[in-house]
1. When all protein chains stay in place, what accessible area (Å², nearest 10, 1.4 Å probe) is found for F38?
2. Give the accessible area for E117 in Å² (nearest 10); use a 1.4 Å probe, count only protein heavy atoms, and leave out ligands, DNA and RNA.
3. Order these peptides, 44-51, 102-109, by their mean beta-carbon neighbour count within 10 angstrom, highest first.
4. Taking the Cα atoms of segment 30-117, report the difference between the largest and smallest coordinate on each principal axis, in whole Å and largest first.
Amino acid sequence: MSHPESAADQQGSGNVELTSLLGQATVALDLQCRAAHFELRQTQRLLSDATRRLLDCFHAASRELADQTSGTPAARAGENLLAASQHLQFSDLVRQLLNSTEERVDGLLRVSERLQELLRASKTPGPQSALQLAYEKRAFLEALADLEGCGSTRVHQSDMKAGEAELF
């Protein structure tokens, strides 16, 4: 004969289930934040390297064409190469966007780490657990507040046309 679960048993199993779900969520969040952080760093390196190489090539070609008299096709090509190299300044804007996104991902990662510590502290029995739990709650709330402030100063650019850009 089975006995119906009491309200305390149901609440206890609900807390265990909730803690387990939160633990799974923090592990997944942590994994994805670390992957995004790695991909952002790799993107920054690739963008920086490609931009540097393109600028070097444009400047070399422009120097070779610089001695041509104005109005000739070669002189116009040199002017176009110089203009193209100036348009590559968009890489600075992209780099700023990547930095802003990386700041957000770092904030998410800190929240994830603090949440994991908070969950560990909530599972730890003993006289020091209440003090540790209070510390972890405070650290989690601080990380959450920091996250809310991420990306408040970021680049605003609507297209790749030459001209003014609002930088932070």
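1. Only protein atoms counted, so the area is about 120 Å².
2. Estimated to the nearest 10 Å², E117 gives 70 Å².
3. 102-109, 44-51
4. Its Cα atoms span 70, 15, 12 Å along the three principal axes.
The values are calculated or read from the model by the stated rules, or taken from the named source; none is laboratory data. These numbers were taken from a predicted model, which means no experiment stands behind them. Glycine gets a Cβ as well: all are built from the backbone with ideal geometry, and neighbour counts include every protein chain shown. Accessible surface is based on the protein model in full, side chains and every heavy atom, while ligands, DNA and RNA are left aside. Shrake-Rupley method; radii C 1.70, N 1.55, O 1.52, S 1.80 Å.
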